[in-house]
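Report on one structure; see the data block that follows.
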Amino acid sequence: MARVAAALVLSSCALAAQAQPKTRIADLWYAHNAVVTMLGSASSVVATVARPQALPWMFRVAPALANAQPVAGATVNAEDLLRLNADVVFASKGDPTIGAMRRLGLDVVPVGFDDYDSMLRCIDLTAQTLDTPLARQRATDYRAYLQATLRDMLQALSAHGSHTTPRVLHVASLAPLKVDGADTIVDQWISAAGARNAADGLTGNLKPVSIEQVLAWHPDVVILAANAGSINASPQRALWQTLDAVREGRVYRNPTGVFPWDRYGPEAALEVRWAARTLHPEAFKNSADVSMQVQTQQFYQRFYGYTLTDAQAKLMLSGGT
């Protein structure tokens, strides 16, 4: 009985230790840094793959990240993380260094998502791991916000009765030319915004394609990632100009923020709202609708505790940094 009691005590202590909030975090997936920031633990990050040059809004919204040790995700040295006393390491699923980190005794939590459902599960897992009241509250609040967003956009588009479904090409990069296909979160927000992906037959993110293939798809709308480059500066500018979408001004620059809205971060919820309004402005002409600028400001205050000025919100919405 004594041994059983001792075992129960040790087990209880272990569970209590696991339940301790994580105060020294290493985050080795770029998009996940946005999740940790949203959940209020940016000041606890001691090592990160994020860089202010690549993600300036992230470091503006969470300046404490600048105190973290920069690490290279693909070649991270597990011993460096051990020396930093990281009590949890968030690593991208499939990261080849996970085994080495675990062998050194590091607590590694694999993370990743490729659609809304898996993103919400990832946010919940992160909140459970961080184990702070703010993290749990924000995770619950965000789930409700995303679900309400998807419902609101569907209702707005349905109420308007528009049967047009524009074919949208999302360009991640112009030089080299890369686009996003099916089975991606990009494809999901295009659909949720009342459109369909013009990249027929293509599956996955950041897929290299030829300009000839783009011309064959002949998209109704082109959305350029914030850092995709400019069609006017593209070596295939003349061919791009043959597309109706380009000639008629249906080319839009995607907003960016703590993480690019169009990719794998919490701002995916804002992306749906922006895309639906951009592609179907007639469905959102009601004067009661809150402007995209105000919604952006409300989102960052609510989920990042950051007050965006009018000028900052406009800059984000234009894809600027």
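All of the numbers you see were taken from the coordinates with simple rules; none came from a lab. All values derive from a computational prediction rather than experimental measurement. Here Cβ is always computed from backbone atoms with ideal geometry, including for glycine, and neighbour counts include all displayed protein chains.
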Quiz prompt | Net length gained if the chain between residue 66 and residue 147 were fully extended (0.36 nm per residue, minus Cα distance) | solution = 25.9 nm
Exercise. Could you calculate the FRET efficiency of residue 158 with residue 79 from 1/(1 + (r/R0)^6), where r is the beta carbon distance between them and R0 is 35 Å, rounded to 0.05?
Key: 0.05
Quiz prompt | Förster radius 25 Å - calculated FRET efficiency between residue 120 and residue 302 (Cβ-Cβ, nearest 0.05) | solution = 0.90
Quiz item: Can you list the aspartates and glutamates whose alpha carbon is less than 15 Å from that of residue 285, not counting same-chain residues fewer than 8 positions off?
Solution: 152
Quiz item: Got a sec? How would 145, 300 order by Cβ neighbour count within 10 Å, fewest to most?
Solution: 145, 300
Practice problem: Give the Rg (one decimal place) followed by the Dmax (whole number) of the chain, computed from C-alpha coordinates and expressed in Å. | Solution: 21.7, 83
Quiz item: Under a 5 Å amide H to amide H cut-off, with H placed in plane at 1.01 Å, what residues pair with residue 173 once short-range neighbours are removed?
Solution: 178
Self-check item: Exposure proxy ranking, count of Cβ atoms within 10 Å, fewest first, for 218, 32, 280
Solution: 218, 280, 32
Quiz item: For residue 321 and residue 104, what does the FRET efficiency come to when R0 = 35 Å and r is the distance between their Cβ atoms, rounded to the nearest 0.05?
Solution: 0.45
Quiz item: With point charges of +1 on the Cβ of Lys and Arg and -1 on the Cβ of Asp and Glu, referenced to the Cα centre of the chain, which listed residue (109, 147, 265) lies farthest in the positive direction of the dipole?
Solution: 109
Quiz item: What is the Cα centroid distance between the range 18-62 and the range 293-319, reported in whole angstrom?
Solution: 19
Exercise. Report, in debye and to the nearest 20, how large the dipole of the chain comes out about its Cα centre when Lys and Arg carry +1 and Asp and Glu carry -1 on their Cβ.
Key: 460
Quiz prompt | Sequence-separation-based contact order of the range 22-112, relative, with Cα cut under 8 Å and 6+ spacing, percent | solution = 33
Self-check item: Exposure proxy ranking, count of Cβ atoms within 10 Å, fewest first, for 93, 22, 314
Solution: 93, 314, 22
Quiz item: Check residue 69: other-chain or 5+ apart residues with amide H under 5 Å from its amide H, H built from backbone geometry?
Solution: 47, 48
Quiz prompt | Beta bridges by DSSP in the chain, antiparallel share as percent, to the nearest 5 | solution = 20
Quiz prompt | Nearest-ten-degree value, helix 133-160 long axis tilted from longest Cα axis of the chain | solution = 20
Practice problem: Using only Cα atoms, tell me the angle between helix 116-130 and the longest principal axis of the chain; keep it within 0 to 90° and round to the nearest 10. | Solution: 30
Quiz item: Taking 0.36 nm per residue of separation and subtracting the Cα-Cα distance, what length does fully extending residue 218 through residue 230 add?
Solution: 2.5 nm
Quiz item: Relative to the first principal axis of the alpha-carbon coordinates of the chain, what is the inclination of helix 268-279, with its axis defined by its Cα atoms, in degrees from 0 to 90 and to the nearest 10?
Solution: 10
Quiz item: Placing +1 at every Lys and Arg Cβ and -1 at every Asp and Glu Cβ, with all other atoms neutral, what dipole size does the range 141-317 have around its Cα centre, in debye to the nearest 20?
Solution: 180
Quiz item: What aspartates and glutamates could a cross-link reach from residue 314, if we take a straight Cα to Cα line under 19 Å and drop same-chain neighbours fewer than 8 places away?
Solution: 262, 267, 271, 289
Exercise. Would you pull out the residues with amide H under 5 Å of residue 108's amide H, same chain only if 5 or more places away, H placed 1.01 Å from N?
Key: 89
